[in-house]
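To start, the structure itself, in structure tokens.
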Amino acid sequence: MANSYFAHETAVIDEGCTIGSGVKIWHFSHIMSNCVIGNGCNIGQNVVVSPQVILGKNVKVQNNVSIYTGVICEDDVFLGPSMVFTNVINPRSAVNRKSEYAKTLVKKGATIGANATIVCGITLGEYCFIGAGAVVIRDVKPYELIVGNPGKSIGWMSEFGHRLKFDLKNEARCPESNVLYKLEGEYIKRVG
């Protein structure tokens, strides 16, 4: 039976992987054992997907990204070029900590910019936006915009990736989708 995905001839796919239809795996990438890669994902050049990683549908992984064991990306996540995940909080070469891998959850629609670093054991909320080069060491709220080192919140983003500007009623409209968002305390909610 023919594969329902494309893998470049230089890509390596280990035993036990589940790879959805329409997936593209490009040059020199390695998909390690027991990974789940959802329909329509694009795995760029020189990417390593470690054992037991789960990628939802339509995840875009740009070049030179390593996705380590413990990472789960939900649908429509974007992982920018050379961004970095970790999976152990206190790694040492001489100390085996494979039993201490921490879970990192990247929720639906999140974007992680180029060269950003995501320290393990956190959750990145739906449609959050991590700027290029940011170092994220804490949970990120849905739609939150994080930049810098250490990462700090500087605002909110729409589902279409536009910075939201809230009016006196704490409402903002995405200029591309025309969707309305409401700021309620420390969270925003899509209202229409």
Nearest-0.05 FRET efficiency for SER177 and ASN46, computed from C-beta distance (R0 30 Å): 0.35
Protection proxy ranking, peptides 154-162, 67-75, 96-104, average beta carbon neighbours within 10 Å, highest first: 67-75, 154-162, 96-104
Beyond a 27 Å Cα-Cα separation, which of these cross-linked pairs lie in this structure: LYS60/LYS141; LYS57/LYS169; LYS107/LYS152; LYS57/LYS152? LYS57/LYS169; LYS57/LYS152
Determine the distance separating the Cα centre of region 117-159 from the Cα centre of region 20-47; give it in Å without decimals. 24
Length released on extending from ASP75 to ARG138, taking residue separation times 0.36 nm less the Cα-Cα span: 20.6 nm
Using 1/(1 + (r/R0)^6) with R0 = 25 angstrom and r between the beta carbons of HIS27 and ASN115, what's the FRET efficiency to the nearest 0.05? 0.75
Sort the following peptides by mean Cβ neighbour count (other Cβ atoms within 10 Å, averaged over residues), highest first: 106-112, 59-65, 85-91, 183-189. 106-112, 59-65, 85-91, 183-189
Of ASN3, VAL119, PHE78, which is farthest on the positive side of the dipole of the chain, counting Cα position, with +1 on Lys and Arg Cβ, -1 on Asp and Glu Cβ, and the Cα centre as origin? VAL119
Can you list residues from other chains, or at least 5 along the same chain, whose modelled amide H is less than 5 Å from the amide H of THR117? VAL84, ALA134, VAL135, VAL136
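Here, each number is a calculation from the coordinates, and none is a lab measurement. For clarity, every value in this text was computed on a predicted model and none was experimentally measured. Cβ: placed from backbone, ideal geometry, glycine included. Neighbour counts: every protein chain shown.
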